[in-house]
Amino acid sequence: MTELLTAAQMRALEMAAIESGDVTGLELMERAGQGVVEAIFEEWPELMGRGTSPSRSPGYLEPDEKDPLRAVVLCGPGNNGGDGFVVARLLKERGWDVEVYLYGDAEKLPPDARVNFERWGKLGAICVPCEDGGFKYPIAGIVVDALFGTGLTRPISLGEGLFVDFNLLGDPGMSGGTKVVALDLPSGLCSDSGKTVGPALFADLTVSFHAQKLGCELGNGPERCGKTVVKDIGLERFGVIDHPHHSGSKTVGVTAHPWRGAVGKKRGSHKYANGHALVLSGGHGNTGAARLAARGALRIGAGLVTLGSPRSAMLENACNLTAVMLRQIDGALGLTELLEDARFNAICLGPGLGIRADTQAMVLTVLKENRPTILDADALTRFSAKPEVLFDVLHEDCVITPHGGEFARLFPDIAERLDAPATVGPAYSKVDATREAAKRAGCVVLFKGPDTVIAGPDGRCSINSAQYERAAPWLATAGAGDVLAGFIAGLMARGFAPMQAAETAAWLHVECARKFGPGLIAEDLAEQLPAVFRDLGL
Ligand SMILES: NC(=O)C1=CN([C@@H]2O[C@H](COP(=O)(O)OP(=O)(O)OC[C@H]3O[C@@H](n4cnc5c(N)ncnc54)[C@H](OP(=O)(O)O)[C@@H]3O)[C@@H](O)[C@H]2O)[C@@H](O)CC1
Ligand SMILES: Nc1ncnc2c1ncn2[C@@H]1O[C@H](COP(=O)(O)OP(=O)(O)O)[C@@H](O)[C@H]1O
Ligand SMILES: [K+]
């Protein structure tokens with residue numbers, strides 16, 4: 001599990017390090033600049049050996065090497081700009097032609113940035129934009145975006161001396177081969193929410209310092225960051241970051257190989273030791289969703305899975321089930337009777353259940369039992385008119401799994417705040433929204449999307465990111481969410497705690513999609529679990 005930081009957390013870490021006397025701000029800035037140069041050469045090794053330097057006289061260069069590499073460095077008014085001056089100096093020392101622009105007033109630069117501004121001044125000038133507002137060099141080579149990082153507080157005003165046409169920078173297909181490298185964050189992107197605060201750059205490579213910022217994984221972050229790399233700047237020792245699995249934690253983790261040890265089945269265990277999940281089916285003609293969930297629960301390792309079906313759908317379900325067992329349940333009363341069997345230790349309801357009063361009665365019946373419960377789809381939508389009725393009965397062994405629409409029905413005020421365009425940074429984020437929702441609901445909330453956010457009522461939170469190298473666009477297919485609900489139910493039947501079940505299921509869900517790849521439909525997902533488990537060495 002890697003950790004993501006907010007701007008405030010990063011600042012606190014930096015201050016703790018500086019106050020300890022172990023490191024100065026200037027040293028951190030130098031390491032940040034060095035990290036960027038390193039990242040540039042790692043990403044584009046063809047740039048590595050090029051350019052003159054004190055040790056490479058022009059006479060010994062290959063003909064195509066005589067043309068020096070060019071970088072345009074755009075520095076802003078804060079410490080992000082300071083990092084930019086360091087990068088400019090380091091590239092210049094390698095023999096690059098470097099053009100530096102300052103957006104802001106040199107007199108007002110913070111102290112460390114000011115020192116690096118002056119160091120740069122010994123090597124080169126601060127350029128003035130051309131009359132047409134462009135760079136002196138034709139744009140090619142590298143543009144270093146050191147305008148704003150974690151300190152962005154408001155939209156960047158393009159009129160006020162900022163001559164860059166953001167559309168031409170980094171936007172795929174428009175930049176004519178120019179590589180845009182963003183320092184810490186692409187300028188204009190909010191560090192905490194991943195929302196764009198006014199105009200924002202598109203980078204090809206974003207180099208974050210010490211840890212990725214939340215905004216790189218949320219909202220517009222991935223499309224703006226291009227590729228992300230994290231560079232250490234010597235703050236590792238200052239692990240004042242609280243751990244995401246401890247209650248009260250405020251940091252956010254990225255789910256990666258979660259709970260690997262727990263996913264394998266114990267040797268010698270029998271089927272009842274792996275739990276018995278119950279999934280409730282909708283009526284005649286609406287049964288597929290519940291079957292997808294049930295199969296997911298079985299594949300992920302529940303010892304037994306029973307599908308509870310209304311009389312009208314018994315035949316339909318019976319014709320389509322083999323390892324999953326089938327029981328007839330007639331309404332909430334029938335459900336109460338079935339639940340007299342205490343071995344049903346995880347219950348999943350919602351997929352395909354319908355939004356009639358019956359669904360509400362079934363949800364209330366199940367929640368009275370205080371057993372591990374996962375509510376999805378119709379079990380959530382049914383409570384749109386009065387969400388508080390649901391919140392009153394949800395308990396800490398529950399997981400709810402809304403997509404954006406369901407989330408807005410249950411938490412309209414939170415969704416409105418989340419959907420509002422960002423005008424100030426840091427802006428309200430999907431992490432803030434999911435945490436607030438989990439607190440209100442009193443249970444784990446898994447808010448779906450490519451940036452799935454999972455939060456517990458105690459503030460624990462993680463992001464299951466299906467972005468960058470984990471992109472899984474084929475998951476946007478009908479029924480994928482039903483399978484996820486089944487995965488969670490299966491893990492809860494096996495004894496996983498709600499947060500652990502939600503994180504693990506979400507991670508495996510994306511792995512299954514990636515394993516199958518293009519052409520994926522919901523039926524394929526659970527069938528990838530054996531291969532994914534094998535890859536995990538189980
Ligand atoms: N933390 C660490 O450990 C390390 C941090 N490092 C680096 O520092 C960066 C954070 O630096 P930072 O705090 O100075 O913020 P930064 O993003 O440079 O901008 C702040 C300035 O911009 C201004 N401003 C804001 N929005 C504006 C707008 N739209 N238009 C115009 N102005 C605007 C704002 O003014 P104000 O809002 O106060 O009016 C303020 O003057 C971080 O991302 C990383 O790169 C590294 O050196 C390594 C160690
Ligand atoms: N573009 C995407 N990239 C990654 N995951 C996605 C994407 N679109 C949807 N998903 C995931 O697919 C699932 C879809 O769930 P949901 O919207 O409930 O669909 P359904 O109700 O049809 O089952 C969720 O787990 C969601 O996070
Ligand atoms: K930047």
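The table for this structure:
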| quantity | calculated |
| --- | --- |
| Condition check for residue 11: away from ligand 2 (no atom under 16 Å from the Cβ), part of a helix (DSSP H, G or I) and more than 23 Å from residue 227 (Cα to Cα) | yes |
| Residue list for the stretch 34-81, restricted to those being away from ligand 3 (no atom under 16 Å from the Cβ), of a type in the set (S, T, N, Q) and either modelled with pLDDT of 95 or more or outside the structural domain of residue 97 (by TED's automatic domain parsing) (or both) | 34 |
| Checklist (1) modelled with pLDDT under 95; (2) within 16 Å of ligand 3 (Cβ to nearest atom) applied to residue 186, failing item | (1) |
| Residue that is nearest to residue 180 (Cα to Cα) [pool: residues in the stretch 196-226 that are within 15 Å of ligand 3 (Cβ to nearest atom) and of a type in the set (D, E, K, R)] | 204 |
| Verdict on residue 366 being farther than 21 Å from residue 487 by Cβ and β-branched (Val, Ile, Thr) | no |
| The stretch 335-389, residues that are part of a strand (DSSP E or B) and either more than 16 Å from ligand 2 (Cβ to nearest atom) or of a type in the set (S, T, N, Q) (or both) | 344, 345, 346, 347, 373 |
| Test: residue 312 is among the hydroxyl-bearing types (Ser, Thr, Tyr) and surrounded by fewer than 18 Cβ atoms within 10 Å (Cβ to Cβ) | yes |
| Residue list for the stretch 176-223, filter: among the charged types (D, E, K, R) and away from ligand 1 (no atom under 11 Å from the Cβ) | 179, 192, 195, 204, 217, 223 |
| Matching residues in the stretch 505-528 - criterion: being crowded, with 24+ Cβ neighbours inside 10 Å and away from ligand 2 (no atom under 12 Å from the Cβ) | 526 |
| Extreme residue, surrounded by the fewest Cβ atoms within 10 Å (Cβ to Cβ), among residues of the stretch 456-486 that are of a type in the set (Gly, Ala, Ser) and more than 15 Å from ligand 2 (Cβ to nearest atom) | 459 |
| Pairs with Cβ under 8 Å, 6+ apart, first in the stretch 331-358 and more than 21 Å from residue 286 (Cβ to Cβ), second among the basic types (Lys, Arg) | 339/371; 344/371; 345/371; 346/371 |
| Scope the stretch 118-177; condition crowded, with 20+ Cβ neighbours inside 10 Å, at pLDDT 90 or above and assigned to a loop (DSSP other than H, G, I, E, B); matching residues | 147, 148, 149, 150, 152, 156 |
| Matching option when the condition is free of Cβ contacts under 8 Å to residues at least 40 places away in the same chain, over 13 Å from the mean Cα position of the chain (by Cα) and within 20 Å of residue 346 (Cα to Cα), among 441, 497 | 497 |
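The values are calculated or read from the model by the stated rules, or taken from the named source; none is laboratory data. Since this is a predicted model, take the numbers as computed values, not measurements. Cβ sites come from the backbone with ideal geometry, for glycine too, and all protein chains shown count toward neighbours.
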